[in-house]
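Read the structure below first, then the notes.
Every number here is computed from the coordinates shown, using simple stated rules; none is lab data. It should be emphasised that the depicted structure is a prediction, and the values quoted were computed from it without experimental measurement. So basically every Cβ, Gly included, is an ideal-geometry build from the backbone, and we count neighbours across all protein chains shown.
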Amino acid sequence: MPKFLTRHLAVVALLGFAALPALADQPKPWGLGMQDAASPTMQGIISLHTTLTVIITCITLFVFGLLAVICVRFNASRNPVPAKWSHNTLLELVWTLVPVLILVAIAFPSFRLLYAADRVKDADYTLKVTGHQWFWSYSYVDQGIAFDSNLAQDSDLKPGEPRLLATDTHVVLPVGAIIRIQTTADDVIHSWSVPALGVKIDAFPGRLNETWTRIDRPGIYYGQCSQLCGINHGFMPIEIEAVSKEDFAAWVEQNQSKKSSSAGQSLFAAASKQGNDRQ
Ligand SMILES: [Cu+2]
């Protein structure tokens, strides 16, 4: 291919990519698989999932292969007089022990990931999440910031904001910091779930559950309540904006002076501006 044509095509391709709207971490039309990992936990989940898919595929192919051999070699026309013996100690030992060994091999990485995602000793920040019918409230325990987060109404959506996922006041967290997440509820059981962070933790009334995350890249992360909690269960989304540590410190300072539920308003304005900038 002539050089000028190659260069021309490259420029066209780059312009094409630039014209695509930058989607936040959210479900995409015709999306397959999981959302891109944005935390160590989600990286672990995706790699365990890949390992398990390989193991499952091998087992399935092996069983299908055996079935095919039986169908071809031992059908009534090829094998008119079937063998009369039953039981084979060695074979039975093998088909019991091999699956046990496979399960043990799976258990190790699985439990390692489970404990890694469980809780963290030294966190930089603690975010307390409370589920209500039907919204979330957030409290930055050490910073004295607290606010409610409701579904953004259709009429309030800014360009690029996804319907039923955007909130009126969203969570802001710093990239690269260890965030302790504590969940509870004040009425029924909810579940705070953000796929790109690999976090899904139930929120029980009268109980404080704990997990952690470390967001690896700036962006907007969407999630939803994942425990059937009543008629508006589908209308209590989660929206997190991950910003640099400096921007987070500025946000904290800006919002510390404000009273509870109005805390996120200025932030929402700032985020909308960023949302527009992304377009
Ligand atoms: Cu809920």
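If you go through segment 171-194 one residue at a time, do you hit one that is under 24 Å from residue 217 (Cα atoms), small (Gly, Ala, Ser) and touching a Leu at 6+ places or on another chain (Cβ under 7 Å)? Scanning segment 171-194, I find no residue that is under 24 Å from residue 217 (Cα atoms), small (Gly, Ala, Ser) and touching a Leu at 6+ places or on another chain (Cβ under 7 Å), so the answer is no. Annotation note: Cβ proximity below 9 Å between a residue of segment 222-240 that is farther than 17 Å from residue 184 by Cα and a residue that is polar (S, T, N, Q) and near the ligand (Cβ under 9 Å from one of its atoms) (sequence gap 6+ or interchain) occurs for 231/133; 232/133; 234/224.
Take the conditions within 27 Å of the chain's Cα centre (by Cα) and either in contact (Cβ under 8 Å) with a residue 24 or more places away in the chain or not in a helix (DSSP H, G or I) (or both) and apply them to residue 83. Does it pass?
Numbers: within 27 Å of the chain's Cα centre (by Cα): no; either in contact (Cβ under 8 Å) with a residue 24 or more places away in the chain or not in a helix (DSSP H, G or I) (or both): yes.
No.
Is one or more of the residues making up segment 117-129 within 16 Å of the ligand (Cβ to nearest atom), closer than 30 Å to residue 202 by Cα and aliphatic (A, V, I, L, M)? Yes.
What are the residues in segment 41-65 that are of a type outside the set (Ser, Thr, Tyr) and either exposed (fewer than 11 other Cβ atoms within 10 Å of the Cβ) or over 14 Å from residue 109 (Cβ atoms) (or both), if any? First the steps, then the outcome.
Of all residues in segment 41-65, those of a type outside the set (Ser, Thr, Tyr) come to 42-46, 48-49, 52, 54-56, 58-59, 61-65.
Across segment 41-65, the qualifying residues are 42, 54, 56, 58, 59, 61, 62, 63, 64, 65.
If the condition is being surrounded by 11 or more Cβ atoms within 10 Å (Cβ to Cβ) and among the polar types (S, T, N, Q), then segment 66-84 contributes only 79. Considering every residue within segment 206-215, establish whether at least one is near the ligand (Cβ under 10 Å from one of its atoms), over 15 Å from the mean Cα position of the chain (by Cα), assigned to a loop (DSSP other than H, G, I, E, B) and more than 18 Å from residue 165 (Cβ to Cβ). Within segment 206-215, not a single residue is near the ligand (Cβ under 10 Å from one of its atoms), over 15 Å from the mean Cα position of the chain (by Cα), assigned to a loop (DSSP other than H, G, I, E, B) and more than 18 Å from residue 165 (Cβ to Cβ).
For residue 165, the conditions (1) away from the ligand (no atom under 16 Å from the Cβ); (2) buried (at least 18 other Cβ atoms within 10 Å of the Cβ); (3) of a type outside the set (Lys, Arg) all hold with the exception of (1). Out of the residues in segment 227-252 that are in contact with a strand residue (DSSP E or B) (Cβ under 6 Å, 6 or more places away or on another chain) and charged (D, E, K, R), state the one that is nearest to the ligand (Cβ to nearest atom). Within segment 227-252, the match that is nearest to the ligand (Cβ to nearest atom) is 239.
Looking only at segment 89-110, decide whether some residue is out of contact with any Lys or Arg (no Cβ under 9 Å at 6 or more places or on another chain), surrounded by 10 or more Cβ atoms within 10 Å (Cβ to Cβ) and touching a residue at least 60 places away in the same chain (Cβ under 8 Å). Checking segment 89-110: at least one residue is out of contact with any Lys or Arg (no Cβ under 9 Å at 6 or more places or on another chain), surrounded by 10 or more Cβ atoms within 10 Å (Cβ to Cβ) and touching a residue at least 60 places away in the same chain (Cβ under 8 Å).
Which one is farthest from the ligand (Cβ to nearest atom), of the residues in segment 185-200 that are surrounded by fewer than 19 Cβ atoms within 10 Å (Cβ to Cβ) and in a strand (DSSP E or B)?
Within segment 185-200, the first condition is being surrounded by fewer than 19 Cβ atoms within 10 Å (Cβ to Cβ), and the residues that meet it are 186-189, 193, 200.
Right, trim to in a strand (DSSP E or B) and you get 193, 200.
Values: 193: 10, 200: 12 Å.
It comes out as 200.
Across segment 134-156, the number of residues qualifying as surrounded by fewer than 16 Cβ atoms within 10 Å (Cβ to Cβ) and part of a loop (DSSP other than H, G, I, E, B) comes to 4. Looking only at residues of segment 201-234 that are of a type in the set (D, E, K, R) and crowded, with 17+ Cβ neighbours inside 10 Å, we find that the one that is nearest to residue 113 (Cα to Cα) is 214. Based on what the data block shows, is residue 121 among the basic types (Lys, Arg) and under 30 Å from residue 41 (Cβ atoms)? So residue 121 fits the description; yes.
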